[in-house]
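A short worksheet on the structure shown next.
The values are calculated or read from the model by the stated rules, or taken from the named source; none is laboratory data. Here the structure is a predicted model, which is why all the values come from computation and not from measurement. When we count neighbours, we look across all protein chains shown, and the Cβ atoms used for this are built from the backbone with ideal geometry, even at glycine.
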Amino acid sequence: MDNVLAVLNLGDFAQAFSKMGMFPVFDLAYYIVSILYLKYEPGSVEVSRRSPVASWLCAMLYCFGSYILADIMLGHSPLDYFQHNSHILLASAVWYLIFYCPLNLFYKCVAFLPVKLVLVALKEVVRTRKIAAGVHHAHHAYHHGFIIMVIVGYVKGSGVALMSNFEQLLRGVWRPETNEILNMSFPTKASLYGAILFTLQEAHWLPVSKSTLILIFTLFMATSKVVMTARHSHGSPFTLIESWVCHLLFGSPLAGAEEDHHAAAPTSPLKTKEELSDGARKRKAKKAE
Amino acid sequence: MDNVLAVLNLGDFAQAFSKMGMFPVFDLAYYIVSILYLKYEPGSVEVSRRSPVASWLCAMLYCFGSYILADIMLGHSPLDYFQHNSHILLASAVWYLIFYCPLNLFYKCVAFLPVKLVLVALKEVVRTRKIAAGVHHAHHAYHHGFIIMVIVGYVKGSGVALMSNFEQLLRGVWRPETNEILNMSFPTKASLYGAILFTLQEAHWLPVSKSTLILIFTLFMATSKVVMTARHSHGSPFTLIESWVCHLLFGSPLAGAEEDHHAAAPTSPLKTKEELSDGARKRKAKKAE
Amino acid sequence: MDNVLAVLNLGDFAQAFSKMGMFPVFDLAYYIVSILYLKYEPGSVEVSRRSPVASWLCAMLYCFGSYILADIMLGHSPLDYFQHNSHILLASAVWYLIFYCPLNLFYKCVAFLPVKLVLVALKEVVRTRKIAAGVHHAHHAYHHGFIIMVIVGYVKGSGVALMSNFEQLLRGVWRPETNEILNMSFPTKASLYGAILFTLQEAHWLPVSKSTLILIFTLFMATSKVVMTARHSHGSPFTLIESWVCHLLFGSPLAGAEEDHHAAAPTSPLKTKEELSDGARKRKAKKAE
């Protein structure tokens with residue numbers, strides 16, 4: 001793999017790319033996209049009017065949930081990341097502009113599709129770096145704790161999604177019948193696979209350098225998410241292969257047979273989130289204003 | 001500020017007041033008032049009959065919730081405070097007397113208004129000291145983590161209120177539609193403002209000594225809570241200024257316009273706790289016996 | 001006590017028994033019985049088909065919940081135990097065999113009553129050792145924290161039961177009206193009493209050596225659980241004495257008067273778990289396949 005890259009003269013680029021600082025440009029994009037998704041959540045605009053403190057806390061969970069969860073998983077203070085005052089202030093400014101900017105100007109700018117696509121791509125750069133950092137951090141604490149590495153990388157990549165039940169509870173919403181583990185969205189699944197890959201790399205079972213893996217995984221994530229955002233799609237490029245693997249290993253019904261399965265169990269309540277398309281959520285957010 | 005106090009010869013008094021030990025008199029008042037509020041909660045008397053362990057755990061959360069939360073926030077053991085056996089035994093004795101004393105004698109004594117007013121005032125002395133200690137403790141761990149200082153001071157002041165959803169869950173009650181962040185009560189709000197003040201003082205942005213701030217904030221809290229308890233009121237002295245600030249900064253509807261807002265959204269489910277006045281809750285607690 | 005054992009020549013046996021390694025035989029039995037109980041839970045088979053990750057996580061909570069909770073209680077990383085890769089792999093293999101083995105062969109073997117009784121007995125050996133280790137561990141961290149010792153021993157013995165609400169939430173089930181503290185099952189109660197005994201022993205208030213206490217408590221637990229499992233019973237040998245103690249200390253209604261109490265409050269919702277007998281749950285698990 002590294003040889004191929006050497007031929008393409010990409011090794012140095014990968015090295016430089018993996019050393020590039022994330023603050024403030026990439027982090028800013030991460031905060032904007034994250035808080036944009038918070039604004040799409042039904043009821044979040046009303047909460048921002050009635051209780052700014054709850055709204056700010058939710059925004060912080062959306063921006064820093066991955067750090068909070070990873071710190072909890074490794075037994076550190078969940079507030080550890082909040083010592084970076086500049087990051088918190090930047091995220092707070094984004095929160096204020098998205099929720100309270102006069103005429104909703106800022107929201108309209110960043111939710112404008114071409115702008116949003118760029119921001120989404122930048123966000124995936126941060127996500128990949130977080131997964132790699134999470135795995136590395138866990139490796140530092142537990143040299144042979146491969147399962148711990150996967151879990152910490154996973155929570156670093158998934159962030160607030162893994163605690164969505166409790167984030168919703170903060171806004172007075174409670175939907176116990178579903179959660180991100182039961183119904184994994186594409187970013188959560190990709191974070192899991194990414195965490196496994198980075199753990200294999202850290203354990204030297206994957207014949208590729210970390211910077212190369214970061215570059216490839218970033219390209220994959222950014223492309224996938226940009227395409228999915230442009231198409232307002234919630235499908236996943238893994239569906240086909242996952243369907244077959246799960247069928248063979250766990251006896252899950254095949255994706256093709258899904259309809260029959262649904263006919264047999266028509267009252268499955270675990271679809272609410274996925275059935276809400278991005279567009280529908282946006283319309284709701286607009287109506288709520 | 002300190003000059004004014006020097007003229008009034010209050011500096012030494014503030015110094016002595018801020019050094020005064022809290023155990024056992026003030027802590028005892030804190031435990032009594034806290035467990036009294038637990039007994040006011042609907043269903044808590046029934047739980048104390050059916051499951052003394054659950055009732056004792058709730059009582060411990062009411063008495064030591066602030067320490068538990070602050071320890072969690074700073075990454076320490078949540079049981080850390082439970083090494084102080086004498087404090088736990090004192091709180092357990094208060095719990096036993098309030099819930100199981102023959103003829104309900106102890107409860108009747110401490111719930112007698114004049115006694116209760118003294119206890120409430122003493123409780124606020126402890127609360128202020130906790131906020132100051134929390135901010136100081138966080139400052140020790142994170143020298144420039146101003147946001148961490150505010151959060152730790154806030155949870156030290158608010159205590160069990162911030163985890164009321166989970167405390168209720170322990171008693172088999174689940175009210176996800178509201179929580180203390182969405183509908184802040186007066187002590188929670190005051191704790192937040194107090195934590196901000198003490199953080200400003202710790203960062204030397206407030207030209208006042210810590211002992212003076214403790215004295216002034218204690219006086220404010222004790223007066224407010226005593227007046228509110230005497231009047232069975234749940235209003236807050238901050239309402240007017242908050243209403244204007246929130247209107248300007250966050251576009252919240254003004255307090256005067258609240259009625260129109262409610263007419264527009266008459267099915268708001270987020271009022272349950274505030275609509276239950278102190279008196280109503282007390283009557284319920286009596287009926288349950 | 002130790003003299004009696006010396007006469008019976010049991011001291012050496014107790015010593016050897018308390019030194020015996022738990023991995024892999026006893027731990028294997030623990031994992032099998034724990035995941036068997038997970039499979040009895042209504043809906044868990046369906047979850048294993050739809051979301052293997054959620055099912056695996058639940059299985060890990062069933063097997064290692066006691067370590068996770070104890071680590072949280074002592075302020076360590078909740079993932080600390082996951083550094084033991086061989087334990088995790090063994091538990092994962094058991095999970096896979098119980099849920100996905102062709103023809104359900106493995107499940108049928110281990111759920112066959114004589115086999116299950118042996119496994120249940122072995123599981124109680126592990127439980128007792130966990131309680132003793134938990135108390136010892138807490139004693140190491142807090143020399144005079146007797147309450148901490150009891151709590152840590154208790155969570156080490158009870159394990160996933162104490163977080164059953166959140167384990168169920170992972171599977172999309174939410175039953176807030178009951179929890180393990182409100183309605184303690186026999187193992188949870190026995191763990192509490194065991195934790196108190198081991199704490200008294202650690203504090204030298206109980207004139208018995210630790211190895212002897214481990215032997216006696218193991219015999220008591222194994223016998224009780226085997227008898228209860230054989231009889232499909234959920235009663236507890238403590239009922240009579242508990243009923244009197246609770247009546248005297250906490251004014252709880254006597255067990256004999258329970259029927260009157262239920263007649264007075266016929267809509268008590270807090271019985272769901274206990275009313276589901278072992279057999280009934282097993283039938284449901286079978287139907288779900």
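With respect to being out of contact with any Pro (no Cβ under 6 Å at 6 or more places or on another chain) and away from chain B (no Cβ under 14 Å), C:PHE146 falls outside the description. In segment A:68-89, of all residues being more than 10 Å from chain B (Cβ to nearest Cβ) and within 12 Å of A:GLY134 (Cβ to Cβ), the one that is surrounded by the most Cβ atoms within 10 Å (Cβ to Cβ) corresponds to A:ALA70. Filter segment A:97-112 down to the residues that are among the aromatic types (Phe, Trp, Tyr) and either surrounded by fewer than 19 Cβ atoms within 10 Å (Cβ to Cβ) or more than 11 Å from chain B (Cβ to nearest Cβ) (or both) and list them by number. Residues satisfying the conditions are A:TYR100, A:PHE106, A:TYR107, A:PHE112. Just checking, does segment A:35-55 include any residue being away from every other protein chain (no Cβ under 14 Å), among the β-branched types (Val, Ile, Thr), touching a residue at least 60 places away in the same chain (Cβ under 8 Å) and part of a helix (DSSP H, G or I)? Within segment A:35-55 (the criterion being away from every other protein chain (no Cβ under 14 Å), among the β-branched types (Val, Ile, Thr), touching a residue at least 60 places away in the same chain (Cβ under 8 Å) and part of a helix (DSSP H, G or I)), the answer is yes, since at least one residue qualifies. Within segment A:68-93, the set of residues being more than 20 Å from B:VAL155 (Cα to Cα), part of a helix (DSSP H, G or I) and of a type outside the set (Gly, Ala, Ser) comprises A:MET73, A:HIS87, A:LEU89, A:LEU90. Checked against the criterion of being away from chain B (no Cβ under 11 Å), in a loop (DSSP other than H, G, I, E, B) and in contact (Cβ under 8 Å) with a residue 24 or more places away in the chain, the candidates C:VAL173, C:VAL125 yield just one match: C:VAL173. Does segment C:131-143 contain at least one residue that is surrounded by 18 or more Cβ atoms within 10 Å (Cβ to Cβ), facing another protein chain (nearest Cβ under 10 Å) and either of a type in the set (Phe, Trp, Tyr) or not in a helix (DSSP H, G or I) (or both)? Checked segment C:131-143: at least one residue is surrounded by 18 or more Cβ atoms within 10 Å (Cβ to Cβ), facing another protein chain (nearest Cβ under 10 Å) and either of a type in the set (Phe, Trp, Tyr) or not in a helix (DSSP H, G or I) (or both).
Yes or no: B:ARG127 among the basic types (Lys, Arg) and closer than 30 Å to C:GLU180 by Cα? Before you say what the answer is, go through the steps one by one.
Working: among the basic types (Lys, Arg): yes; closer than 30 Å to C:GLU180 by Cα: no.
No.
Does A:TYR31 fit the bill of being in contact (Cβ under 8 Å) with a residue 60 or more places away in the chain, surrounded by 23 or more Cβ atoms within 10 Å (Cβ to Cβ), in the same structural domain as A:THR229 (by TED's automatic domain parsing) and out of contact with any His (no Cβ under 8 Å at 6 or more places or on another chain)? Yes. Somewhere in segment B:166-182, is a residue within 30 Å of A:ILE88 (Cα to Cα), of a type in the set (S, T, N, Q) and surrounded by fewer than 21 Cβ atoms within 10 Å (Cβ to Cβ)? Scanning segment B:166-182, I find at least one residue that is within 30 Å of A:ILE88 (Cα to Cα), of a type in the set (S, T, N, Q) and surrounded by fewer than 21 Cβ atoms within 10 Å (Cβ to Cβ), so the answer is yes. Among the residues of segment A:194-215, those identified as out of contact with any helix residue (DSSP H, G or I) (no Cβ under 7 Å at 6 or more places or on another chain) and surrounded by fewer than 17 Cβ atoms within 10 Å (Cβ to Cβ) are A:HIS204, A:TRP205, A:PRO207.
Checked against (1) part of a helix (DSSP H, G or I); (2) surrounded by 18 or more Cβ atoms within 10 Å (Cβ to Cβ); (3) out of contact with any Phe, Trp or Tyr (no Cβ under 9 Å at 6 or more places or on another chain), C:MET228 meets all criteria but (3).
When C:ALA190 is tested against (1) within 14 Å of another protein chain (Cβ to nearest Cβ); (2) closer than 30 Å to C:GLY11 by Cα; (3) surrounded by fewer than 20 Cβ atoms within 10 Å (Cβ to Cβ), exactly one condition is not met: (3).
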